[in-house]
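Here's the structure we're looking at; comments come further down.
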Amino acid sequence: MLTEFSPRQLSDPVIAEADGILRSCVHCGFCTATCPTFHLLGDELDSPRGRIVLIKEMHENGGVPGSTVVKHLDRCLTCLSCMTTCPSGVDYMHLVEGARNRIEDYPEARPLRQRLVRRLLRGLLTNRRLFHLSMRLAALARPLAPFLPGLPRRLLTKAPRLSPPAPASAVYPAVGHCRARVALLTGCAQSVVGGEINRAAIRLLARHGAEVVVSDVPCCGALDSHLGAAVAARGRAATAVRRWWRETAAGGGAGLDAVVITTSGCGTSVKDYGHLLAGDPELAEPARQIAALTVDVSEWMDRVGLLPPAHPPGGRVAYHAACSLQHGQRQRKAAPALLRAAGFETLDVADGHFCCGSAGTYNILQPVLADGLKSKKQDNIRVLAADMVATGNLGCILQLQDGLELPVLHTLQLLDWATGGPKPQGVT
């Protein structure tokens, strides 16, 4: 794609990076075949190709981004299915990330209500104490939901249930011979509404010979990145890198063999820390090394090998491949293979490359599109006559279990159960 940036514009690192990415796009349109929003809306501007043109024009024109580019970039799920499809290797993830950051540089590009809602979501979801309090209040106020307007009603009806407290920051010993030492990210939202996932992860990792280090890493910064808050995202990433770096041998600690992530949306962001903190003279190299150590829990379990099932549970499992795992991290085979090794029959969900509509805060900010994607995904699951659904991302779990008659679980919960852990709640 031809660009026409001036030398002055190219001195801006955001535009310089965008220029290189834009020039790699040949405008072939292959991406439209796998874009969920284009399939739903049929609008070229709601396809990756259309958004790329809008981003190019926004950077070339400068000034306050127009309402058209804001609307269509907000409709993008950042599912990255287009990157899997693209034959030219267009780095759409960083192109959109830079464009969203640029939009946030101009508060006047959004109405006040939108700015307040986005700030509220960032403030609540990334702060464990506030999120826990808000979920307690939501549980009390849920009976009032039918009498409330739009967004407040949706927030109450969609609010997940609190889980028991997450595991404390500590070092959990390996069971038997210690084969590895790993750090585990327990997450901001997952610590509040998915604590059982974190506990299952510690049991599973320890049972397979890993000493598990749970450091006080409050939030990885993924949510801030998705919402264009670049400064906040870099700040959270810097905190995470410093705390994990202290555990590495280079940082003066006992050493780490991996940083294990159980929420694939977080994993995609942590694996990108080398890019995010490339301009930080102190943390650029530690960030690069932490990113290189980072693995999804399914990657790690595939690497170390699953123990023979203690009591093969059996059952038909519909496996939903989270976008951040299959497209963002290019990890497609490990999780279903592990489920089969654990004794489950895995079932492929039709149109598995399409997003379920969760996408961070997308199901709150774009409810109509998110519900349309969720309905399609749930219909494709129902026809399989499965006993349960497995996936590797908390957001997908919360999205899919809304209105689905089956238990929706994290893949690692089933692996933990099969190799000696407790039966997950909801499984019959």
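The values are calculated or read from the model by the stated rules, or taken from the named source; none is laboratory data. Bear in mind that the values here come from a model prediction, so they are computed numbers and not experimental data. Quick reminder, even Gly has a Cβ in these numbers, built from the backbone with ideal geometry, and neighbours come from all protein chains shown.
Quick notes
- Total residues in the stretch 12-62, condition closer than 14 Å to Arg102 by Cα, in contact (Cβ under 8 Å) with a residue 12 or more places away in the chain and outside any helix (DSSP H, G or I): 1
- In the stretch 76-97, the residues that are among the small types (Gly, Ala, Ser) reach residues that are assigned to a loop (DSSP other than H, G, I, E, B) with C-beta atoms within less than 9 angstrom, at least six apart or across chains, in these pairs: Ser81/Cys35; Ser81/His353; Ser81/Phe354; Ser81/Cys355; Ser88/Cys25; Ser88/Val26; Ser88/Cys28.
- Residue ID - surrounded by the fewest Cβ atoms within 10 Å (Cβ to Cβ), chosen from residues in the stretch 392-407 that are within 16 Å of Gln190 (Cβ to Cβ) and in contact with a Gly (Cβ under 8 Å, 6 or more places away or on another chain): Leu394
- Residue check for Cys79: outside any helix (DSSP H, G or I) and more than 22 Å from the chain's Cα centre (by Cα): no
- Subset of the stretch 145-176 [among the small types (Gly, Ala, Ser), touching a Ser or Thr at 6+ places or on another chain (Cβ under 9 Å) and at pLDDT 70 or above]: Ala145, Ser163, Ala166, Ser169
- Exclusive hit being surrounded by 13 or more Cβ atoms within 10 Å (Cβ to Cβ) and of a type in the set (D, E, K, R), set Glu60, Glu108, Glu4: Glu60
- Of the residues making up the stretch 280-303, those that are of a type in the set (A, V, I, L, M, F, W, C), buried (at least 16 other Cβ atoms within 10 Å of the Cβ) and more than 20 Å from Ala230 (Cβ to Cβ) are Leu293, Val295, Val297, Trp300, Met301.
- Scan of the stretch 17-57 for residues that are within 18 Å of Ala359 (Cβ to Cβ) and buried (at least 19 other Cβ atoms within 10 Å of the Cβ), ordered by number: Cys31, Thr34, Cys35, Pro36, Thr37, Phe38, Asp46, Ser47, Pro48, Arg51
- Residue pairs whose Cβ atoms lie under 6 Å apart, sitting 6 or more positions apart in sequence or on different chains, and linking a residue in the stretch 202-213 that is farther than 14 Å from Ser298 by Cα to a partner that is outside any loop (DSSP other than H, G, I, E, B) and not aliphatic (A, V, I, L, M), are Arg203/Asp416; Ala206/Tyr172; Glu211/Arg181; Val212/Tyr172.
- The listed residue being in a helix (DSSP H, G or I) and crowded, with 18+ Cβ neighbours inside 10 Å, out of Ala141, Ala99: Ala99
- The residue list Leu373, Leu369, Leu412 contains one member that is over 29 Å from Arg75 (Cβ atoms), among the hydrophobic types (A, V, I, L, M, F, W, C) and either in the same structural domain as Arg199 (by TED's automatic domain parsing) or outside any loop (DSSP other than H, G, I, E, B) (or both), which is Leu412.
- Some residue of the stretch 315-326 being among the β-branched types (Val, Ile, Thr) and in the same structural domain as Lys376 (by TED's automatic domain parsing): yes
- Any chance Val295 is more than 23 Å from Lys423 (Cβ to Cβ) and part of a strand (DSSP E or B): yes
- Condition met for Ala318 (of a type in the set (A, V, I, L, M, F, W, C), touching a strand residue (DSSP E or B) at 6+ places or on another chain (Cβ under 9 Å), under 19 Å from Thr84 (Cβ atoms) and not in a loop (DSSP other than H, G, I, E, B)): no
- Answer residue from the stretch 349-372, given it is among the polar types (S, T, N, Q) and within 20 Å of Ala390 (Cα to Cα) and is nearest to the chain's Cα centre (by Cα) among those: Ser358
- When the helices (runs of 4 or more DSSP H) confined to the stretch 216-290 are screened for residues that are farther than 25 Å from Ala201 by Cα, those reaching at least 2 such residues are found at 222-226, 230-245, 273-276.
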